[in-house]
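Step one of this worksheet: look at the structure below.
The values are calculated or read from the model by the stated rules, or taken from the named source; none is laboratory data. Quick caveat, the model's predicted, so the values are computed rather than measured. All Cβ positions, glycine included, derive from the backbone under ideal geometry; neighbour counts span all protein chains shown. Quick note on the areas: whole protein, heavy atoms, side chains included, nothing else; ligands and nucleic acids left out. Shrake-Rupley method; radii C 1.70, N 1.55, O 1.52, S 1.80 Å.
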Amino acid sequence: MNEAIMELKKLVNGSDNIVFFGGAGVSTESGIKDFRSVDGLYRQKFKYPPETMLSHTFFETHTEEFYDYYRSKMLALDAQPNAAHRKLAQWEREGKLKAVITQNIDGLHQKAGSREVLELHGSVLRNYCRRCGKFYGVEAVAASAGIPRCACGGIIKPDVVLYEESLDEGVMEKALQYIANADMLIIGGTSLVVYPAAGLVRYYRGSKLVVINRDATGIDADAALCISAPIGEVLGQL
C-alpha cells in the first residue's frame with residue numbers, strides 16, 4: 001500500500017460524515033464509456049455530435065433518431081458495479097458515508113447497495129409517459145423499436161436530464177446541503193467541467209477534500225490529497 005493510499009485510509013478512518021461526488025470515471029471501470037476520454041463518445045463518428053443527439057431539441061425534432069442513439073450508446077444494462085461502487089456502499093452501511101452525489105445515470109451505485117444516491121442528471125432506469133405520467137422501467141425503452149409509447153399512446157421519455165434541460169432544483173439543494181455539512185468530501189472520476197453540477201463542490205468548507213481522478217481538475221490546488229489513478233483501483237485497496 002503506497003503512501004497516498006495510506007493517507008486516504010487515515011482520512012477515511014477519522015471521518016464519519018463523508019460525502020462522495022462522482023462522475024463518468026466511476027463507471028468506466030464497469031465498461032461504460034464516458035464522453036471525453038480517448039475512446040469516449042465525443043471521439044466516435046456519428047451523423048450528429050453526441051451533445052446534439054442528447055439534447056432536448058433533438059429529442060423533440062428527431063425523436064426516433066434520438067432513441068436509436070440512446071438505446072445503442074446510453075444503455076448498458078449488463079454492467080456491474082466495480083470496486084468503487086462497492087466500497088462506497090460499504091462505507092454507507094458502516095455509517096461513515098452519508099451520501100453519494102453522482103452525475104452518472106446508470107444506477108450502478110444502487111445496484112451495489114448504496115441507498116442515499118442523489119442523481120444530478122437522472123437515471124436511465126426511470127422512464128415516464130409524457131402524456132399520462134405513468135412510470136416505466138428501463139426495459140420498456142430497451143426492448144422497444146422506434147419510439148417507445150405508453151398504453152395511452154403517449155411517448156415514453158427517459159427520466160434523464162438532456163442538454164438544454166435544467167437540473168432538478170430539489171436534488172441540487174439536497175446535494176448542496178450534504179456537501180456543506182460534510183467533514184470529508186471525496187471527488188472521484190470527474191474532471192469537474194460539467195456545470196452547474198461541478199459548481200456544487202465549492203460549497204465544501206472542511207479540510208479533508210480528496211480528489212481521485214486520472215486527470216487534473218480545477219480544484220486540485222484546494223485538495224488535502226490528490227491521487228491520479230482510476231477510482232475503482234484506488235478504493236479497491238482500502
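Across segment 156-168, not a single residue is classified as assigned to a helix (DSSP H, G or I), modelled with pLDDT of 95 or more and either surrounded by fewer than 16 Cβ atoms within 10 Å (Cβ to Cβ) or within 14 Å of the chain's Cα centre (by Cα) (or both).
Filtering segment 16-37 for residues that are open to solvent by less than 70 Å² (accessible area, probe 1.4 Å), part of a helix (DSSP H, G or I) and farther than 28 Å from residue 206 by Cβ leaves an empty set. Residue 118 passes every criterion in (1) open to solvent by less than 40 Å² (accessible area, probe 1.4 Å); (2) aliphatic (A, V, I, L, M); (3) over 18 Å from the mean Cα position of the chain (by Cα) apart from (3).
Where residues in segment 126-150 are among the small types (Gly, Ala, Ser) and in contact (Cβ under 8 Å) with a residue 40 or more places away in the chain, which of them is most open to solvent (accessible area, probe 1.4 Å)?
Only one residue tops the list, namely 142.
Number of residues in segment 175-192 that are open to solvent by 80 Å² or more (accessible area, probe 1.4 Å) and touching a residue at least 60 places away in the same chain (Cβ under 8 Å): the value is 1. Within segment 78-117, the only residue that satisfies the criterion of being part of a strand (DSSP E or B) and of a type in the set (Gly, Ala, Ser) is 99. Of the listed requirements (1) in contact with a Phe, Trp or Tyr (Cβ under 9 Å, 6 or more places away or on another chain); (2) crowded, with 23+ Cβ neighbours inside 10 Å, residue 104 misses just one: (1). Taking the numbered list (1) surrounded by 22 or more Cβ atoms within 10 Å (Cβ to Cβ); (2) more than 14 Å from the chain's Cα centre (by Cα); (3) over 14 Å from residue 120 (Cβ atoms) in turn, residue 231 passes all entries but (2).
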